[in-house]
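Q: Before anything else, here's the structure in question.
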Amino acid sequence: MLGLSVDYHTVIEPILKEKCYQCHGEDKVKGGLRLDSPDSIMSGGDGGEVLVPGAPIDSLLYLMTTYPEDDPDYMPQKGEGLSQAEQALLKDWIEVGAYFGEGFKHEAKPSVGKKYSDTGSKGTYKIVGEAVLIVTKLQEIGVLVDTVNHDAKRFELAYTYAEFSAGSFDFSEAVQLGSELVKLSLARTDVANDDLKKLKQLSSIEYLDLSRTRVGDEGVTHLAELPKLSYLNLRDTNVSDGSIEQLARMTNLEQLYLWGSQFTRSGVLALQERLPETAIVFDTNIGLGNQRGRP
Ligand code: HEC
């Protein structure tokens, strides 16, 4: 597990230099994007911002390196891609605030969620009572545990590196966090439609990432029992227009990612009509609703 801080100059910059500068640097500026200085990274490319401190899932700089290599948006477009370890470093760096070091300040205050490391940083958050035990158990089975915005009573779990196979997902440890569990990522796991039945035990979650899984319309039917859900990521899943009715009932949704799913454009438009307040992201830069970043 990674430590608390990933340094930009010694860790991130060399990765970008080796794998990105050739097309996003001094010589070439593909997509209107330069990645060779903090200022240019933060000013983004033709499509707008590429890095949102604290939110890797909203940061193309990271996301595009995690797509399947045959995805037309996969980065780097040529040459060797980022290893899983490099992806994890980039993600971690963004998650804890994308600090560029002394001398650079982000304009807006990033929303920071610090990782628990194995090196004793747990004490910082004064997790009390049983939570300490539960966190330890979760870490033992490979679940990444995080807190949301420094709040030791709001937990975030990522199962991406835990070794569960389709049909065998077990949330019995997570359930013990009770209403303190607010964010759950099952992205890039083997999770099957049936496994999602078990999510009803986690009715406090507000954020659910199912991106790059095999989840389809049948799985979506099980999400109805998550009344607090405000963020749902179904990017690169098998979810299709068949889920319109189910999703349309989730009126608390603020953000819904359908990019790379089986949804058709007309399906997305129909859903948007039913969920006028929800920002639905269906294409690289095209949010159809009151998407973030729109004035
Ligand atoms: C061989 C050239 C090449 C390399 C290497 C490369 N890119 Fe790109 N990148 C492109 C091209 C071309 C585009 C524009 C694609 C388009 O507009 O459809 C682009 C666009 C992007 C964008 C979207 C910019 C915007 O605002 O729309 C991001 C983010 C990005 N690249 C990140 C990266 C990262 C991170 C790396 C290194 C891991 C990388 N790229 C390496 C060619 C490259």
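Q: Kindly indicate which of Gly54, Gly101 is closer than 26 Å to Ser185 by Cα, at pLDDT below 90 and more than 7 Å from the ligand (Cβ to nearest atom).
A: It is Gly54.
Q: Moving to a separate point now. Might you let me know whether the range 6-13 holds any residue that is without any contact (Cβ under 8 Å) to a residue 24 or more places away in the chain, of a type in the set (A, V, I, L, M) and either more than 6 Å from the ligand (Cβ to nearest atom) or crowded, with 17+ Cβ neighbours inside 10 Å (or both)?
A: Checked against the condition, which is being without any contact (Cβ under 8 Å) to a residue 24 or more places away in the chain, of a type in the set (A, V, I, L, M) and either more than 6 Å from the ligand (Cβ to nearest atom) or crowded, with 17+ Cβ neighbours inside 10 Å (or both), the range 6-13 yields no hits at all.
Q: Out of the residues in the range 17-32 that are near the ligand (Cβ under 6 Å from one of its atoms) and at pLDDT 95 or above, which is nearest to Glu86 (Cα to Cα)?
A: Lys19
Q: In addition: Hey, among the residues in the range 220-260 that are in contact with a Lys or Arg (Cβ under 8 Å, 6 or more places away or on another chain) and open to solvent by 60 Å² or more (accessible area, probe 1.4 Å), which one's modelled with the highest pLDDT?
A: Checked the range 220-260; the qualifying residue modelled with the highest pLDDT is Asn238.
Q: Starting from residues that are of a type in the set (Asp, Glu) and open to solvent by 100 Å² or more (accessible area, probe 1.4 Å), keep the ones in the range 66-83 and report whichever is farthest from Asp236 (Cα to Cα).
A: Taking the candidates together, the pick is Glu80.
Q: Sticking with this structure for a sec: Between a residue in the range 143-155 that is assigned by TED's automatic domain parsing to the domain that holds Ser179 and among the acidic types (Asp, Glu) and any residue that is part of a strand (DSSP E or B) and at pLDDT 75 or above, which pairs come within a Cβ distance under 7 Å, given they are 6 or more apart or on different chains?
A: Matching pairs, first to second residue: Asp146/Glu156.
Q: Same structure, new question: Can you pull out every residue in the range 215-241 that is free of Cβ contacts under 8 Å to residues at least 60 places away in the same chain, within 12 Å of Leu253 (Cα to Cα) and not hydrophobic (A, V, I, L, M, F, W, C)?
A: Scanning the range 215-241 gives Pro227, Lys228, Ser230, Tyr231.
Q: Going through the range 1-24 one residue at a time, which ones are assigned to a helix (DSSP H, G or I) and of a type in the set (Val, Ile, Thr)?
A: Thr10, Val11, Ile12, Ile15 - these are the residues of the range 1-24 that are assigned to a helix (DSSP H, G or I) and of a type in the set (Val, Ile, Thr).
Q: Can Leu63 be described as within 19 Å of Ser185 (Cα to Cα), without any contact (Cβ under 8 Å) to a residue 24 or more places away in the chain and surrounded by 18 or more Cβ atoms within 10 Å (Cβ to Cβ)?
A: When the stated conditions are applied, Leu63 passes them.
Q: Which residue out of Asp46, Asp73 is in contact with a helix residue (DSSP H, G or I) (Cβ under 9 Å, 6 or more places away or on another chain) and either hydrophobic (A, V, I, L, M, F, W, C) or near the ligand (Cβ under 6 Å from one of its atoms) (or both)?
A: Asp46
The values are calculated or read from the model by the stated rules, or taken from the named source; none is laboratory data. Here the structure is a predicted model, which is why all the values come from computation and not from measurement. FYI the Cβ positions are ideal-geometry reconstructions off the backbone, even for glycines, and counts take in every protein chain you see. SASA here: full protein model, heavy atoms, side chains in, ligands and nucleic acids out. Shrake-Rupley method; radii C 1.70, N 1.55, O 1.52, S 1.80 Å.
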